[in-house]
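The values are calculated or read from the model by the stated rules, or taken from the named source; none is laboratory data. This structure is a prediction, so every number in the text was calculated from the model and none was measured. Virtual Cβ from ideal backbone geometry, glycine too; neighbours counted across all protein chains shown. Accessible surface is based on the protein model in full, side chains and every heavy atom, while ligands, DNA and RNA are left aside. Shrake-Rupley method; radii C 1.70, N 1.55, O 1.52, S 1.80 Å.
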Amino acid sequence: MKNLDLSARLGIIADPYPALARRAGVAGSVVVRGIVRRDGVLLAPNVPGWSGLRLQDRFEAALGVPTVCATDVKAATLAEARWGRLRDLSFGMHVNLGTGLAVGVVAGGGVLTGAHGSAGEIGYNLRRVDDEAGPLAGRAPLEERVGGRAIGLRGRAVGGHGDAESVFTLAETDPAARAFLAETLGELAVHLANAAILIDPERITVGGGLVGSADRVLPVLAEVLDRAVPFPPELVVARFAQDGALVGAAALAWDALRDGGLRAVS
């Protein structure tokens with residue numbers, strides 16, 4: 001029933017899917033945090049132990065058929081490009097503001113993956129020249145500062161309860177919490193503006209858990225984008241703000257059926 005509801009929502013004709021799936025031997029797709037490789041999942045610091053987890057092999061063994069694997073933010077970007085607010089744009093960006101921090105880039109109508117599948121992983125951006133950064137150090141400097149989880153943890157210093165939502169709520173009445181968020185979101189905005197200068201997108205969509213506080217987050221981001229980017233992009237809440245990865249997984253499975261084959265997608 002959920003598959004039919006999703007198909008109807010996206011305007012997909014769902015009836016051929018079971019027959020195609022049986023013919024192609026496809027179970028579907030899996031989208032996760034990190035870059036899925038056969039021998040492990042890379043760039044997933046918030047999920048301890050995944051570096052050596054053969055995730056794709058496990059799903060294929062359990063389901064008995066090939067499985068498409070993809071990075072959650074790139075899947076969400078595909079959803080926005082296919083059916084959302086990046087549709088019909090040659091250049092666009094999708095930014096996920098949740099526990100983690102990453103952007104997806106639409107270039108020439110497709111989602112940019114990069115040479116190793118890590119395009120858009122801005123959580124690994126350096127904040128200072130002496131940052132101990134990268135997978136070998138097990139750190140993502142920007143994400144540890146401005147990601148949703150980081151806002152919650154750092155926000156305890158101004159009276160938060162360890163989660164980002166409590167910090168945003170507190171900021172409505174507490175000057176210290178407001179100042180904390182202004183500094184944190186300002187730093188995030190600088191990095192997003194730098195990414196926009198590099199890519200020159202027509203529009204940026206925003207998804208993830210922090211979209212629940214869009215009225216406070218988006219104005220800060222927009223002010224810096226408008227001031228700093230030569231051709232400021234439009235900034236909007238994503239159509240699939242909370243379920244973009246799920247919708248993107250459906251798109252990947254549909255593409256695999258249509259093309260008659262499977263491939264790992266970073």
Do you know which residues across the stretch 78-99 are open to solvent by less than 20 Å² (accessible area, probe 1.4 Å), in a loop (DSSP other than H, G, I, E, B) and either under 21 Å from ASP255 (Cβ atoms) or at pLDDT 95 or above (or both)? GLY84, LEU86
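Scan the stretch 146-154 and give yes if some residue there is assigned to a strand (DSSP E or B) and among the charged types (D, E, K, R), otherwise no. I'd like the intermediate steps shown before the answer.
Step one: filter the stretch 146-154 for residues assigned to a strand (DSSP E or B), giving none.
Checked against the condition, which is being assigned to a strand (DSSP E or B) and among the charged types (D, E, K, R), the stretch 146-154 yields no hits at all.
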Filter the stretch 132-170 down to the residues that are at pLDDT below 90 and open to solvent by less than 20 Å² (accessible area, probe 1.4 Å) and list them by number. GLY134, ALA140
Given the criterion surrounded by 17 or more Cβ atoms within 10 Å (Cβ to Cβ), touching an Asp or Glu at 6+ places or on another chain (Cβ under 8 Å) and not hydroxyl-bearing (Ser, Thr, Tyr), identify the matching residue among ALA119, ALA70, ALA102, ALA75. ALA102
Over the stretch 58-77, the set of residues modelled with pLDDT under 90, among the hydroxyl-bearing types (Ser, Thr, Tyr) and either in a helix (DSSP H, G or I) or within 21 Å of ALA150 (Cβ to Cβ) (or both) is THR71
Pair list, Cβ under 6 Å, 6 or more apart: the stretch 103-123 residue more than 19 Å from ALA79 (Cβ to Cβ), other residue in a helix (DSSP H, G or I) and of a type in the set (D, E, K, R): GLY123/GLU143
